[in-house]
Amino acid sequence: MSTDLEETASTTSWCCASCGICQVDDIKLKKCAACKSIRYCSVTCQREHRPQHKADCKKRVAELRDEILFRQPESSHLGDCPICLLPLSLDVQKSPMQSCCSKVICNGCMVASILHKGGKNYACPFCRHEYSKDDKTETDVNVMKRIEVNDPVAIRESAIRHGKSGDLGTAMEYFKKAAALGDAEAHYQLGMSYTIGRGVERDAKKEKYHMEEAAIGGHPAARDAVGIMEMRMGNQDRAMKHFTIAATLGHDGAMDSLRMGHALGGVRKEDVDIALGAYQAAVDATKSPQREMAESAFDRMRSGHS
């Protein structure tokens, strides 16, 4: 995206934007920390040039943010099963986390591992850690070990458990720590907390920030939520871009929003068709005969049949 600021930066990138002095051996220039488009020889020059640069800087920062925000993630925040290497389903009930190594493994690989062991002495399919009969106590010990080494998944899961038990203060502390380590689900949970005022004061700016960070990390539900925010602000084009990205990751709600956008005249039919094809491809990529067999087995267990 070309701007006047970029054109100016390309011709004066090695000269101070304020005094014009060029970089030489004894003079080192530093980029504007925000827009990274122009350079200064000193803090004094940066301060003097600030009034002139402020509007362009703010505009460029917004452009850089959008470049990151609207980039299509390669996969959802869940990634692939580390055993079969197929994308994990957005239905988290189909992919439990292992407390021993914090790996999220699909039910297909879980069932295959159990069958391979003959149903005895269950071991993690990834790290081969064998679980004892006192599963809950061992799970708590394993999670604490992972937390001690700053595992963001373990920290986030612990936050969820603290939240369910009513300890919202500790839950928020753990969510913030996991988010700082780059966990998209933690950002999403924080965004939801700032939306409804759960454990924190309601804050629209922090809600938007954390939802956007989660969306950048490939979280389809967060991306859908950001799209809804944009719709409420009257930014239909931006909203439809978010819905399209989320639909491409296999999110049902985003696909419904695109259909509604078409019905209201804001989205072309061919764009909906393209998104639908990508949505179906994303959903199909999470399926396999092994996973279907596992789901059938779980369905029989739920219905009380062997």
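The values are calculated or read from the model by the stated rules, or taken from the named source; none is laboratory data. Note that the structure is a prediction, hence the values are computed from the model and not measured. Counting neighbours? That spans all protein chains shown, and the Cβs are built from the backbone with ideal geometry, glycine included. All accessible areas refer to the heavy atoms of the entire protein, side chains included, with ligands and DNA or RNA removed. Shrake-Rupley method; radii C 1.70, N 1.55, O 1.52, S 1.80 Å.
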Query - Accessible area in square angstrom per residue, the chain, 1.4 angstrom probe - result: 58
Report task. Among 86, 69, 115, determine the one that fluctuates most according to a GNM of the chain built with springs between C-alpha atoms less than 10 Å apart. Result -> 115
Query raised in the report: What are the principal axis extents of the Cα atoms in the range 75-193, in Å, biggest first?
Result: 43, 34, 23
Query raised in the report: Which shape class applies to the range 158-292: rounded if a/c is under 1.5, otherwise prolate when a/b exceeds b/c and oblate if not, where a ≥ b ≥ c are the square roots of the Cα gyration tensor eigenvalues?
Result: oblate
Requested in this report: Please give the FRET efficiency for residue 55 paired with residue 13, using the beta carbon to beta carbon distance and R0 = 25 Å, rounded to the nearest 0.05.
Outcome: 0.80
Query raised in the report: Could you work out the helix-only [θ] at 222 nm for the chain, with each DSSP H run of four or more residues adding -39,500 (n - 2.57) and the total divided by the number of residues, to the nearest 500 deg cm²/dmol?
Result: -19000 deg cm²/dmol
Report summary line: Here, GluC sites (Glu not before Pro) of the range 183-273 satisfying both criteria (DSSP loop; at most 16 other Cβ within 10 Å) are 201
Query raised in the report: Reachable aspartates and glutamates from residue 206, Cα under 19 Å, same-chain residues fewer than 8 places away excluded?
Result: 66, 173, 183, 185, 224, 230
**Report entry** Net lengthening on full extension, residue 285/residue 196 (0.36 nm per residue, minus Cα-Cα)
**Finding:** 28.6 nm
Query - Longest DSSP-loop-exposure-free segment, trypsin sites (Lys or Arg not before Pro), the chain, at most 15 other Cβ within 10 Å - result: 203-267
Query raised in the report: What is the dipole size for the chain, taken about its Cα centre, with +1 at each Lys and Arg Cβ and -1 at each Asp and Glu Cβ, in debye to the nearest 20?
Result: 480
**Report entry** Inverse of mean 1/r across different Cα pairs in the range 257-305, Kirkwood, Å
**Finding:** 13.3
Query raised in the report: Which value, in Å³ per residue, describes the convex hull spanned by the Cα atoms of the range 58-145?
Result: 131
Requested in this report: Quick one: among 266, 250, 182, which has the greatest mean-square fluctuation in a GNM of the chain with alpha-carbon springs under 10 angstrom?
Outcome: 266
**Report entry** Spin-label model distance (nm) - residue 168 vs residue 303, 7 Å beyond Cα toward Cβ
**Finding:** 4.1
Query raised in the report: Convex hull over the alpha-carbon atoms of the range 128-233: what's its volume per residue in Å³?
Result: 110
Report summary line: Whole-Hz Karplus couplings 3J(HN,Hα) for the range 171-187, θ = phi - 60° and coefficients 6.51, -1.76, 1.60, Gly and Pro as x, run 4, 5, 4, 6, 4, 5, 5, 5, 5, 5, 8, x, 7, 5, 5, 5, 4
Query - Given the chain, longest segment not containing exposed loop chymotrypsin sites (Phe, Trp or Tyr not before Pro) (DSSP; at most 16 other Cβ within 10 Å) - result: 132-306
Report task. For the chain, count the residues as N, evaluate 2.2 N^0.38 Å, and divide the Cα radius of gyration by that value, please. Result -> 1.25
Query raised in the report: For the chain, modelled as a GNM with alpha-carbon contacts under 10 angstrom, which of 92, 226, 143 fluctuates the most?
Result: 92
Query raised in the report: Rounded to whole Å and sorted largest first, what semi-axes of the equivalent ellipsoid does the C-alpha gyration tensor of the range 22-82 yield via the square root of 5 times each eigenvalue?
Result: 35, 16, 8
Report task. Find the centroid of the Cα atoms in the range 13-81 and in the range 217-265, then give the distance between the two in whole Å. Result -> 30
**Report entry** DSSP-assigned coil residues among GluC sites (Glu not before Pro) in the range 52-158, each with at most 14 further Cβ atoms within 10 Å
**Finding:** 74
**Report entry** the chain, accessible surface, carbon-and-sulfur percent (1.4 angstrom probe)
**Finding:** 54
Report summary line: Given pairs 31/103; 58/208; 28/205; 117/287; 94/177 and cut-off 28 Å on Cα-Cα distance, the over-length ones are 31/103; 28/205
Query raised in the report: By its C-alpha gyration tensor, with a ≥ b ≥ c as the square roots of the eigenvalues, how is the range 145-189 shaped: rounded for a/c under 1.5, else prolate for a/b larger than b/c, else oblate?
Result: oblate
